Amino acid sequence: MSASKSLLCLATNNAHKVEELQQMLGDRFEVKTMNEAGCYDDIEETGTTFEENSKLKAVYIFDKFGFDTIADDSGLEVEALNNEPGVYSARYAGEHGNHRKNIEKLLANLQGKENRRARFRTVITFMSGGQTHTFEGVVNGRITEEQRGTGGFGYDPVFIPEGYGETFAEMPAETKNKISHRGLAVQQLLAFIKK
Ligand code: ITT
(Lines give C-alpha, C1' and ligand atoms only; values in the text may rest on other atoms or scores of the structure.)
Protein backbone atom coordinates (compact mmCIF):
# COMPACT_ATOMS: atom_id res chain seq x y z
CA MET A 1 0.00 0.00 0.00
CA SER A 2 1.42 3.40 -0.89
CA ALA A 3 1.76 6.01 1.87
CA SER A 4 -0.93 8.21 0.37
CA LYS A 5 -3.66 5.55 0.49
CA SER A 6 -6.17 5.58 3.32
CA LEU A 7 -7.51 2.28 4.58
CA LEU A 8 -11.27 2.00 4.79
CA CYS A 9 -13.10 -0.98 6.23
CA LEU A 10 -16.50 -1.81 4.81
CA ALA A 11 -18.60 -3.50 7.50
CA THR A 12 -19.59 -6.50 5.40
CA ASN A 13 -18.06 -9.66 4.02
CA ASN A 14 -19.90 -9.18 0.76
CA ALA A 15 -16.97 -8.95 -1.69
CA HIS A 16 -19.29 -7.57 -4.38
CA LYS A 17 -20.12 -4.51 -2.25
CA VAL A 18 -16.41 -3.93 -1.57
CA GLU A 19 -15.45 -4.16 -5.24
CA GLU A 20 -18.23 -1.75 -6.19
CA LEU A 21 -17.18 0.81 -3.59
CA GLN A 22 -13.48 0.48 -4.43
CA GLN A 23 -14.28 1.31 -8.05
CA MET A 24 -16.29 4.34 -7.06
CA LEU A 25 -13.73 5.67 -4.57
CA GLY A 26 -10.72 5.33 -6.84
CA ASP A 27 -7.02 5.03 -5.94
CA ARG A 28 -6.88 7.27 -2.88
CA PHE A 29 -8.50 4.60 -0.74
CA GLU A 30 -7.95 0.94 -0.08
CA VAL A 31 -11.25 -0.72 0.78
CA LYS A 32 -11.26 -3.94 2.80
CA THR A 33 -13.93 -6.36 3.97
CA MET A 34 -14.20 -7.06 7.70
CA ASN A 35 -12.28 -10.33 7.29
CA GLU A 36 -9.51 -8.64 5.30
CA ALA A 37 -9.25 -6.05 8.05
CA GLY A 38 -8.89 -8.86 10.64
CA CYS A 39 -12.41 -8.77 12.04
CA TYR A 40 -14.12 -12.16 12.17
CA ASP A 41 -16.86 -11.18 14.62
CA ASP A 42 -20.52 -11.62 13.78
CA ILE A 43 -21.98 -8.21 14.61
CA GLU A 44 -25.60 -8.67 15.55
CA GLU A 45 -27.99 -6.17 13.99
CA THR A 46 -30.08 -5.51 17.08
CA GLY A 47 -31.33 -2.05 16.11
CA THR A 48 -34.91 -1.24 15.20
CA THR A 49 -33.99 1.29 12.50
CA PHE A 50 -31.56 1.29 9.57
CA GLU A 51 -29.74 4.20 11.25
CA GLU A 52 -29.17 2.22 14.45
CA ASN A 53 -27.96 -0.89 12.64
CA SER A 54 -25.54 0.89 10.33
CA LYS A 55 -24.19 2.94 13.23
CA LEU A 56 -23.70 0.02 15.58
CA LYS A 57 -21.67 -1.86 12.95
CA ALA A 58 -19.45 1.16 12.17
CA VAL A 59 -18.88 2.01 15.84
CA TYR A 60 -18.09 -1.62 16.71
CA ILE A 61 -15.33 -1.89 14.11
CA PHE A 62 -13.90 1.53 14.83
CA ASP A 63 -13.80 0.89 18.60
CA LYS A 64 -12.26 -2.55 18.29
CA PHE A 65 -9.88 -2.08 15.35
CA GLY A 66 -9.47 1.67 14.94
CA PHE A 67 -10.16 1.68 11.19
CA ASP A 68 -12.21 4.32 9.45
CA THR A 69 -15.32 2.35 8.60
CA ILE A 70 -18.29 2.43 6.27
CA ALA A 71 -21.37 0.45 7.28
CA ASP A 72 -24.74 0.22 5.58
CA ASP A 73 -28.13 -1.16 6.34
CA SER A 74 -30.94 -1.41 3.80
CA GLY A 75 -34.41 -2.79 3.40
CA LEU A 76 -37.82 -2.57 1.85
CA GLU A 77 -40.71 -0.62 3.41
CA VAL A 78 -44.22 -1.43 2.18
CA GLU A 79 -46.89 1.14 2.94
CA ALA A 80 -49.87 -1.23 3.24
CA LEU A 81 -47.87 -3.44 5.65
CA ASN A 82 -47.01 -0.67 8.12
CA ASN A 83 -43.59 -0.32 6.53
CA GLU A 84 -42.72 -3.98 6.96
CA PRO A 85 -40.40 -5.80 6.36
CA GLY A 86 -38.08 -2.83 7.10
CA VAL A 87 -35.03 -3.81 9.15
CA TYR A 88 -36.19 -7.43 8.97
CA SER A 89 -36.06 -7.53 5.14
CA ALA A 90 -33.27 -10.14 4.98
CA ARG A 91 -35.08 -12.51 7.38
CA TYR A 92 -38.74 -11.67 6.69
CA ALA A 93 -39.70 -15.33 6.21
CA GLY A 94 -37.53 -16.52 9.11
CA GLU A 95 -34.31 -17.68 7.55
CA HIS A 96 -31.63 -15.01 6.87
CA GLY A 97 -31.18 -14.30 3.17
CA ASN A 98 -33.82 -16.70 1.79
CA HIS A 99 -34.96 -14.33 -0.95
CA ARG A 100 -37.42 -16.74 -2.56
CA LYS A 101 -39.34 -17.30 0.66
CA ASN A 102 -39.20 -13.60 1.56
CA ILE A 103 -40.82 -12.67 -1.76
CA GLU A 104 -43.49 -15.36 -1.40
CA LYS A 105 -44.40 -14.06 2.04
CA LEU A 106 -44.49 -10.46 0.81
CA LEU A 107 -46.79 -11.26 -2.14
CA ALA A 108 -49.07 -13.36 0.09
CA ASN A 109 -49.38 -10.53 2.62
CA LEU A 110 -50.21 -8.08 -0.14
CA GLN A 111 -52.77 -10.29 -1.85
CA GLY A 112 -55.98 -8.35 -2.56
CA LYS A 113 -54.46 -5.05 -1.40
CA GLU A 114 -54.80 -2.14 -3.78
CA ASN A 115 -52.08 0.00 -2.27
CA ARG A 116 -48.83 -1.46 -3.61
CA ARG A 117 -46.62 1.54 -2.76
CA ALA A 118 -43.19 0.72 -1.34
CA ARG A 119 -39.71 2.13 -0.99
CA PHE A 120 -36.20 0.82 -0.60
CA ARG A 121 -34.10 2.67 1.93
CA THR A 122 -30.36 2.59 2.69
CA VAL A 123 -28.56 4.32 5.52
CA ILE A 124 -24.77 4.52 5.41
CA THR A 125 -22.71 5.44 8.45
CA PHE A 126 -19.18 6.67 7.78
CA MET A 127 -17.09 6.60 10.95
CA SER A 128 -13.91 8.56 10.61
CA GLY A 129 -11.56 9.87 13.31
CA GLY A 130 -14.14 8.96 15.96
CA GLN A 131 -16.98 10.89 14.33
CA THR A 132 -20.04 9.47 12.59
CA HIS A 133 -21.57 10.87 9.41
CA THR A 134 -24.85 9.55 8.06
CA PHE A 135 -26.14 9.38 4.48
CA GLU A 136 -29.53 8.16 3.32
CA GLY A 137 -30.85 7.00 -0.05
CA VAL A 138 -34.50 6.26 -0.85
CA VAL A 139 -36.17 4.99 -4.01
CA ASN A 140 -39.96 4.97 -4.23
CA GLY A 141 -41.90 2.46 -6.28
CA ARG A 142 -44.49 -0.28 -6.17
CA ILE A 143 -44.74 -4.02 -5.65
CA THR A 144 -45.85 -6.13 -8.61
CA GLU A 145 -48.43 -8.93 -8.43
CA GLU A 146 -45.90 -11.42 -9.82
CA GLN A 147 -42.14 -11.80 -10.05
CA ARG A 148 -40.45 -10.44 -13.17
CA GLY A 149 -36.79 -10.62 -14.23
CA THR A 150 -33.69 -12.49 -13.14
CA GLY A 151 -31.14 -9.77 -12.33
CA GLY A 152 -30.20 -8.26 -8.98
CA PHE A 153 -31.06 -9.92 -5.69
CA GLY A 154 -33.52 -9.81 -2.81
CA TYR A 155 -36.86 -8.21 -3.65
CA ASP A 156 -35.70 -6.91 -7.06
CA PRO A 157 -38.10 -9.14 -9.11
CA VAL A 158 -41.16 -7.57 -7.43
CA PHE A 159 -40.11 -3.90 -7.21
CA ILE A 160 -40.81 -1.33 -9.96
CA PRO A 161 -39.18 2.04 -9.29
CA GLU A 162 -41.28 5.16 -9.88
CA GLY A 163 -41.07 6.42 -13.48
CA TYR A 164 -40.11 3.00 -14.88
CA GLY A 165 -42.06 0.08 -16.35
CA GLU A 166 -39.58 -2.65 -15.41
CA THR A 167 -38.67 -4.26 -12.13
CA PHE A 168 -35.15 -3.80 -10.73
CA ALA A 169 -34.53 -7.43 -11.77
CA GLU A 170 -35.40 -6.64 -15.41
CA MET A 171 -33.14 -3.62 -15.85
CA PRO A 172 -29.36 -3.54 -16.45
CA ALA A 173 -27.30 -3.35 -13.25
CA GLU A 174 -25.91 0.08 -14.26
CA THR A 175 -29.42 1.53 -14.47
CA LYS A 176 -30.40 0.08 -11.10
CA ASN A 177 -27.19 1.32 -9.46
CA LYS A 178 -27.76 4.86 -10.69
CA ILE A 179 -31.26 5.20 -9.25
CA SER A 180 -31.25 2.74 -6.35
CA HIS A 181 -31.41 3.56 -2.65
CA ARG A 182 -27.84 2.23 -2.22
CA GLY A 183 -26.57 4.09 -5.28
CA LEU A 184 -28.03 7.38 -4.04
CA ALA A 185 -26.61 6.96 -0.52
CA VAL A 186 -23.17 6.04 -1.92
CA GLN A 187 -23.20 9.10 -4.21
CA GLN A 188 -23.68 11.33 -1.15
CA LEU A 189 -20.95 9.50 0.75
CA LEU A 190 -18.54 9.92 -2.16
CA ALA A 191 -19.26 13.63 -2.46
CA PHE A 192 -18.48 13.97 1.26
CA ILE A 193 -15.32 11.83 1.22
CA LYS A 194 -13.88 13.48 -1.88
CA LYS A 195 -14.35 16.98 -0.47
P1 ITT B 1 -24.82 -7.53 4.54
O2 ITT B 1 -25.57 -7.03 5.77
O3 ITT B 1 -24.03 -8.77 4.78
O4 ITT B 1 -23.99 -6.45 3.90
P5 ITT B 1 -27.50 -7.92 3.45
O6 ITT B 1 -27.99 -8.55 2.18
O7 ITT B 1 -28.11 -8.39 4.72
O8 ITT B 1 -25.89 -7.98 3.45
P9 ITT B 1 -28.62 -5.16 3.25
O10 ITT B 1 -28.69 -4.50 4.57
O11 ITT B 1 -28.09 -4.35 2.10
O12 ITT B 1 -27.69 -6.37 3.40
O13 ITT B 1 -30.09 -5.63 2.85
C14 ITT B 1 -30.99 -6.29 3.72
C15 ITT B 1 -32.06 -6.97 2.90
O16 ITT B 1 -32.90 -5.99 2.26
C17 ITT B 1 -31.52 -7.83 1.76
O18 ITT B 1 -31.21 -9.14 2.22
C19 ITT B 1 -32.70 -7.81 0.78
O20 ITT B 1 -33.70 -8.72 1.18
C21 ITT B 1 -33.24 -6.39 0.94
N22 ITT B 1 -32.57 -5.49 -0.02
C23 ITT B 1 -31.67 -4.53 0.27
N24 ITT B 1 -31.23 -3.90 -0.84
C25 ITT B 1 -31.88 -4.49 -1.88
C26 ITT B 1 -31.85 -4.31 -3.27
O27 ITT B 1 -31.06 -3.42 -3.85
N28 ITT B 1 -32.64 -5.08 -4.01
C29 ITT B 1 -33.45 -6.01 -3.46
N30 ITT B 1 -33.50 -6.27 -2.16
C31 ITT B 1 -32.73 -5.51 -1.35
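The values are calculated or read from the model by the stated rules, or taken from the named source; none is laboratory data. Here the structure is a predicted model, which is why all the values come from computation and not from measurement. Quick note on the areas: whole protein, heavy atoms, side chains included, nothing else; ligands and nucleic acids left out. Shrake-Rupley method; radii C 1.70, N 1.55, O 1.52, S 1.80 Å.
Note on SER89: accessible area approximately 10 square angstrom, rounded to 10, probe 1.4 Å, nucleic acids and ligands left out.
Mean-square fluctuations from a GNM of the chain, with a 10 angstrom spring cutoff on Cα atoms, peak among PHE159, PHE62, PHE126 at PHE62. Taking max minus min of the alpha-carbon positions on each principal axis, the range 1-70 gives extents of 38, 22, 18 Å, largest first. If a/c stays under 1.5 just call it rounded; otherwise compare a/b with b/c (prolate if a/b is bigger, oblate if not). Do that for the range 111-160, with a ≥ b ≥ c from the square roots of the Cα gyration tensor eigenvalues. In terms of gyration-tensor shape, prolate. Cross-linked pairs LYS17/LYS113; LYS57/LYS194; LYS101/LYS178; LYS55/LYS101: Cα-Cα separations exceed 30 Å for LYS17/LYS113. Largest mean-square fluctuation among THR33, THR144, THR48, in a Gaussian network model of the chain whose springs join Cα atoms under 10 Å apart, belongs to THR48. Could you work out which residue, out of MET171, MET24, MET34, moves most in a Gaussian network model of the chain, that is, has the largest mean-square fluctuation with Cα springs under 10 Å? The residue that fluctuates most here is MET24.
Quick one: with all protein chains in place, what share of the accessible area of the chain is carbon or sulfur, to the nearest percent (1.4 Å probe)? Heavy-atom surface of the chain belonging to carbon and sulfur, 1.4 Å probe: 46 percent. In bins 10 Å wide, starting from 0, what share of all Cα pairs of the range 23-112 does each bin hold, as a percent? All Cα pairs, binned at 10 Å, distribute as 14, 36, 29, 17, 4, 0 percent. Residues GLU114, GLU146, GLU166, ordered by accessible area of protein heavy atoms at a 1.4 angstrom probe radius and largest first, appear as GLU114, GLU146, GLU166.
Stokes-Einstein diffusion for the range 128-190, with the hydrodynamic radius set to the Kirkwood value over Cα pairs and evaluated at 20 °C in a medium of 1.002 mPa s, equals 170 µm²/s.
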